[in-house]
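Below is one structure; the comments refer to it alone.
A short reminder: the numbers here are calculations on the coordinates, not readings from a lab. Because the structure is predicted, anything quoted here is derived from the model rather than measured. Counting neighbours? That spans all protein chains shown, and the Cβs are built from the backbone with ideal geometry, glycine included.
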Amino acid sequence: MTVPLISPSILSADFARLGEEVRAIDAAGADWIHVDVMDGHFVPNITIGPGVVKALRPHTTKPFDVHLMISPVDSFLEAFAQAGADIITVHPEAGPHVHRTVQAIKALGKKAGVSLNPATPAKMLDYLIDDVDLVLVMSVNPGFGGQSFISSQLRKIEAIRRMIDKSGRQIHLEVDGGVDLSTAASCVSAGADVLVAGTATFRGGPAHYAANIAALKGTG
Ligand code: DX5
Ligand code: ZN
C-alpha cells in the first residue's frame, strides 16, 4: 500500500511554543506542515493569520500546507504567499469565484488546492480538476480539531481518486479531519496520498511525535 505523506495540523500544537512545535514535528518525520486558517465567519473559530505563518517560516524547510477557511479569500492570498505558504487550499463554498481564486494562487507561484466540505459533492471538481495541484477532502465539518471522522467521505475519496487518475495529472489527494490510527489506512485504501493529522500527531507530547507519525504512515 502507498505510504502517505503526513501533514500535521498545528492547530493541535501548543500555541505558546509554536516555533518549537514545528521544529519538533519536522524532526519527527512530518512531510508537510498543515496550517489551519480560520476567520470566525466562514467557520466558527479564529486561529492563525499570515503574521504567524511568516514567523514560523524560519523554523522548517518543509512545505507549508496552508488551509484557508476564510471568506472572502482572494484579498488574503498574496499575504499568505509572501508569508511563505507553498500550497494554498481554498473552499469553493467560501466563494465567490473559485476558478478565479485557483488561477490567482497559481499566478503567485504557489500550488493551488481545493477543499470540499463533507456535504459538497466530488462533482464540484468537474471544471477545476485540470487546474488544481491538490484536492482536500474534509472528513469533518471545518472549524475544530478533535472531531470524529465522517465515514461517508471514503466514497468521495474513491470518486476523486478516479477523477485524478483519469486526468493523468499529478494531483495530491489529501484527507483532513478525524484521521487517526483507526481511519488512516481506510483513507489510503480509498486513494488518499496525504493525511492531515492534528490530534493524532500531537497526542502525548513531543516524545511521542515520531512514533505517532510513523504509526499514521503505517510504518511504525
Ligand atoms: C478542521 C481542520 C483540521 C483539523 C484536524 O477544520 O481543517 O485540519 O485541525 O484536526 P484533527 O486531526 O484533530 O481532526
Ligand atoms: Zn485543515
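Remind me, relative contact order of the range 15-164 in percent, using alpha carbon pairs under 8 angstrom and six or more residues apart?
For the range 15-164, the relative contact order is 17 percent.
I want the local charge near residue 169. Using Cβ-Cβ distances under 11 Å, sum +1 for each Lys or Arg and -1 for each Asp or Glu among the other residues.
-3
So, in the chain, how many Lys pairs have Cα atoms under 24 Å apart, if the pair is 8 or more places apart or on different chains?
Lysine pairs meeting the criterion: 19.
Among 207, 30, 190, which one moves the most in a GNM of the chain with springs linking Cα atoms closer than 10 Å?
Ranking 207, 30, 190 by mean-square fluctuation puts 207 first.
Please identify, among 45, 141, 117, the residue showing maximal mean-square fluctuation in a Gaussian network model of the chain using a 10 angstrom Cα cutoff.
In this elastic network of the chain, the residue with the biggest mean-square fluctuation among 45, 141, 117 is 45.
Return the FRET efficiency for the residue pair residue 144, residue 123: r is the Cβ-Cβ distance, R0 is 25 Å, and the value is rounded to the nearest 0.05.
The value I calculate is 0.40.
With +1 on each Lys and Arg Cβ and -1 on each Asp and Glu Cβ, and nothing else charged, work out how big the dipole of the chain is about its Cα centre, in Debye to the nearest 20. Mind dumping the intermediate values first?
Details: 18 positive and 22 negative charges, 49 e Å.
The dipole magnitude comes to about 240 debye.
Tell me the label-point distance for the pair residue 182, residue 106, using the 7 Å Cα-to-Cβ offset, in nm and rounded to one decimal.
4.1
What number, in nm² with one decimal, is the all-direction average of the projected area of the convex hull of the alpha-carbon atoms of the range 65-185?
On the way: hull surface 29.3 nm².
In nm², the orientation-averaged hull projection of the range 65-185 is 7.3.
Could you run the Karplus curve 6.51 cos²θ - 1.76 cosθ + 1.60 with θ = phi - 60° over the range 142-150 and give me ³J(HN,Hα) per residue in whole Hz, x for Gly and Pro?
x, x, 8, x, x, 8, 8, 4, 9
Could you size up the charge dipole of the range 126-220 around its Cα centre, putting +1 on the beta carbon of Lys and Arg and -1 on that of Asp and Glu, and report it in debye to the nearest 20?
Magnitude of the dipole: close to 280 debye.
Of 40, 194, 116, which is farthest along the charge dipole of the range 5-217 in the positive direction, counting Lys and Arg as +1 and Asp and Glu as -1 at C-beta?
Selected residue: 194.
Enter the Cα centre distance for the pair the range 95-164 and the range 195-214, rounded to the nearest angstrom.
Cα centroid of the range 95-164 versus Cα centroid of the range 195-214: 24 Å apart.
Can you list, largest first and rounded to whole Å, the semi-axes you get for the chain by taking the square root of 5 times each eigenvalue of its Cα gyration tensor? Intermediate results must be reported in sequence, preceding the final value.
On the way: eigenvalues 111, 92, 47 Å².
Listed largest to smallest, the semi-axes of the chain are 24, 21, 15 Å.
Among 181, 134, 173, which one moves the most in a GNM of the chain with springs linking Cα atoms closer than 10 Å?
Evaluated over the chain, the most mobile residue of the options is 181.
Once the other residues with Cβ under 15 Å from the Cβ of residue 56 are scored (Lys, Arg +1; Asp, Glu -1), what is the net sum?
Working: positive: 17, 23, 54, 57, 62; negative: 14, 20, 21, 26, 36, 65, 86.
Overall, the nearby charge balance is -2.
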